[in-house]
1. Could you please find all residues in region 103-134 being among the basic types (Lys, Arg) and free of Cβ contacts under 8 Å to residues at least 40 places away in the same chain?
2. Of the residues in region 103-116, how many are touching a Phe, Trp or Tyr at 6+ places or on another chain (Cβ under 8 Å) and farther than 22 Å from Pro160 by Cα?
3. Take Ser134 and decide whether it is at pLDDT below 95 and of a type in the set (S, T, N, Q).
4. Output yes when any residue across region 103-112 is polar (S, T, N, Q), surrounded by 15 or more Cβ atoms within 10 Å (Cβ to Cβ) and not in a strand (DSSP E or B), and no when none is.
5. From the residues in region 69-85 that are assigned to a loop (DSSP other than H, G, I, E, B) and farther than 15 Å from Leu3 by Cα, which one is nearest to the chain's Cα centre (by Cα)?
6. Which condition does Ala97 not pass, out of (1) without any contact (Cβ under 8 Å) to a residue 60 or more places away in the chain; (2) open to solvent by 30 Å² or more (accessible area, probe 1.4 Å); (3) in contact with a helix residue (DSSP H, G or I) (Cβ under 6 Å, 6 or more places away or on another chain); (4) outside any loop (DSSP other than H, G, I, E, B), if it passes all the others?
7. Taking the conditions exactly as written (farther than 25 Å from Arg157 by Cβ and either touching a residue at least 40 places away in the same chain (Cβ under 8 Å) or not polar (S, T, N, Q) (or both)), does Phe85 satisfy them or not?
8. So which residues in region 14-43 are in a loop (DSSP other than H, G, I, E, B), of a type outside the set (A, V, I, L, M) and touching a strand residue (DSSP E or B) at 6+ places or on another chain (Cβ under 8 Å)?
Amino acid sequence: THLGNWEFGVSTAALNGLPVDVVVKEAKSPMAQKFLDWYRNRFGVGIFFETKTVKEIFNSINSGRFTAFILDQFMGPPVGVLVDFFGKPAGTAAGLALFCEKRDIPVFPAYNYRDSQGKLTTVIEPQIKYGQLSEDRETRIYQRTQVYNNAMEQMIRKHPEQWLWLHRR
């Protein structure tokens, strides 16, 4: 989520030896994208833009790297699923659920926050447990995506003042 400073959290993980890639949207401004590429690459963070990345992400996972998905952006159909987010329907990217459909990939919610002394703390939650999933693929995608939104809600509720999202959700 856009909780705390996810860019810093991912970069810190990479600096501490955790091989990590992140799935992001490309910035509209070429100058902003150039800066983001420089910042991310200098710390060893790999970048996948959200379209046409399936093969590259699986190659990355197969090579032992972690892939981070930032799921609190609006995504409508066909790439998004309407699930509950703080009591309202919210289009949420289905990419992570689709990856987990193809492979049994463990998912660990992670976030960071700044404490009262200004120290940034990164939290990696226990692996997500889905419970009983439907036999129907479309329903399973919905169920998995809802579980991810529930995890995001829990993180945001712990530090609501540090969740910054100004766009339509």
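1. Across region 103-134, the qualifying residues are Lys119, Lys129.
2. Matching residues across region 103-116 total 3.
3. Against the criterion (at pLDDT below 95 and of a type in the set (S, T, N, Q)), Ser134 does not qualify.
4. no
5. Restricting to residues being assigned to a loop (DSSP other than H, G, I, E, B) and farther than 15 Å from Leu3 by Cα, the top hit is Met75.
6. For Ala97, the failing item is (2).
7. So Phe85 fails the test.
8. Residues satisfying the conditions are Pro19, Lys25, Glu26.
The values are calculated or read from the model by the stated rules, or taken from the named source; none is laboratory data. Because the structure is a prediction, the values reported are computed rather than measured. Cβ coordinates were reconstructed from backbone atoms using ideal geometry, including for glycine residues, and neighbour counts include every protein chain displayed. To get the accessible areas, we keep the full protein, side chains included, count just its heavy atoms, and leave off ligands, DNA and RNA. Shrake-Rupley method; radii C 1.70, N 1.55, O 1.52, S 1.80 Å.
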